[in-house]
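What follows is a set of notes on a single structure, which appears directly below.
The values are calculated or read from the model by the stated rules, or taken from the named source; none is laboratory data. All of these numbers come straight from a predicted model, not from anything done at the bench. Note: ideal-geometry Cβ built from the backbone for every residue, glycine included; neighbour counts use all protein chains shown.
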Amino acid sequence: MGGGGAFAAGSIAFAALGGTCLGMAALKRGKGRVLSVSSLELEKRSAALACAIFLVRPLNPLAQRALESGAVREGAAQAKLVLRGSWPEAARLDSCTLVSLGLGAAMGAAFLSLLLTRSLTFAVAMACLLVLGLWGLIRHKAEGVSRTIREEVPDALRLLADSFRSGHSLQQTMDQASTDLSGPIRPLFQSVAKRLRMGEGAAEALAPLGSIKDVPELAFVAIALDVQHQCGGSIAPVLESAREAVKGELELARSLRVQTAQARLSASIVTVMPFILVAFFSLASPGFLDPFFESPLGVLLLGAALVMQLAGVLAVRRICRADQ
């Protein structure tokens, strides 16, 4: 085996171990859904995460190349949003490390599948299914978090308007919001209140409200509060008007979500089913893909099929984005 082959084998082995460690940590996280976590458990999770990060470090260059794609960058941002409420230690990782962990998990699944079945086609299909599964799970969870935050925006605007009517300052209003609000929107206001107490300016302190791409209403709130803090005046009527507008947008979003539900389900099935079929037939009928690689025409047809599959998925996704 040459030097390149040895390095590739070593990278795959490291990736397999990293994916296994990450999976075990995730399973522990899912099974241990309790309100209080012991310091020992936190240390175990941190150690597992640090071990996985170290093992998948050879994949960082590949992750950097992958991050040149806007879809991958969006997926990494969504992963941070999901992890923020369930695994804060992992949410603080940079995008490159998160993508490396995902690649390590996929390559680990492929390596284990290859060991068990001795089928390269099945291993590649399993790696693709794991990537698609992680991608879909992250998107689903991130959309759920963003949707929940958007649903809580009207209550937050009402609370802010009432607080300003009572003569409270920006600091007092943020403290009250961080105490009275609940759900995923609460940590955002807690972060703003903490930044204000640390002496940051209004524009810098309000930055967390505009950090969620899928909730532009909070970015508007941050700009309005910053302008009011600098120029003065009554902001309560502005917040009330924004609250009414947000309520109307939420009703429209719910309607669009119902109308595009079938299209989104179809997109998921069309995306996943080919890889499931490839994995199944590679076990039931070994070598069924060999004719595609025996001639240039076969390779061309296989490439055309993959391109058409990708184009169809992207087209359906673009149509479904109307509900966001």
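Looking only at segment 271-290, how many residues end up being of a type in the set (G, A, S) and surrounded by 14 or more Cβ atoms within 10 Å (Cβ to Cβ)?
So the answer is 2.
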Inset, instruction - Test each condition in (1) more than 24 Å from P208 (Cα to Cα); (2) free of Cβ contacts under 8 Å to residues at least 40 places away in the same chain; (3) of a type outside the set (G, A, S) for F111 and report the one that comes out false. - result: (2)
Inset, instruction - Within segment 208-215, identify whether any single residue is under 25 Å from A79 (Cα atoms), buried (at least 19 other Cβ atoms within 10 Å of the Cβ), among the aliphatic types (A, V, I, L, M) and touching a residue at least 60 places away in the same chain (Cβ under 8 Å), and answer yes or no. - result: yes
Inset, instruction - Please specify each residue of segment 216-235 satisfying the condition of being assigned to a helix (DSSP H, G or I) and crowded, with 16+ Cβ neighbours inside 10 Å. - result: E217, L218, A219, F220, V221, A222, A224, L225, D226, Q228, H229
Inset, instruction - Output the residues belonging to segment 73-85 that are in contact (Cβ under 8 Å) with a residue 40 or more places away in the chain and buried (at least 20 other Cβ atoms within 10 Å of the Cβ). - result: G75, Q78, A79, L81, V82
Legend entry - Meets criteria (touching a helix residue (DSSP H, G or I) at 6+ places or on another chain (Cβ under 7 Å) and loosely packed, with under 12 Cβ neighbours inside 10 Å) for F293: yes
Inset, instruction - Please specify each residue of segment 84-118 satisfying the condition of being aliphatic (A, V, I, L, M) and under 19 Å from L67 (Cα atoms). - result: A90, A91, L93, L98, V99, L101, L103, A105, A106, M107
Inset, instruction - Consider A77 carefully, then state whether it is at pLDDT below 80, under 28 Å from P187 (Cβ atoms) and part of a helix (DSSP H, G or I). - result: no
Inset, instruction - Working only within segment 86-105, note down all residues that are in a helix (DSSP H, G or I) and loosely packed, with under 15 Cβ neighbours inside 10 Å. - result: S86, P88, E89
Inset, instruction - May I ask you to list the residues in segment 260-297 that are part of a helix (DSSP H, G or I), over 24 Å from L116 (Cβ atoms) and touching a residue at least 24 places away in the same chain (Cβ under 8 Å)? - result: A263, R264, S266, A267, S268, V270, T271
Inset, instruction - Output the residues belonging to segment 134-161 that are more than 25 Å from V246 (Cα to Cα) and surrounded by 16 or more Cβ atoms within 10 Å (Cβ to Cβ). - result: L134, W135, I138
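A quick yes/no check of all residues on (1) over 21 Å from the mean Cα position of the chain (by Cα); (2) closer than 26 Å to G136 by Cβ:
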site: A224; (1), (2): yes, no
site: R254; (1), (2): yes, yes
site: L265; (1), (2): no, yes
site: P274; (1), (2): yes, yes
site: L283; (1), (2): yes, yes
site: Q309; (1), (2): yes, yes
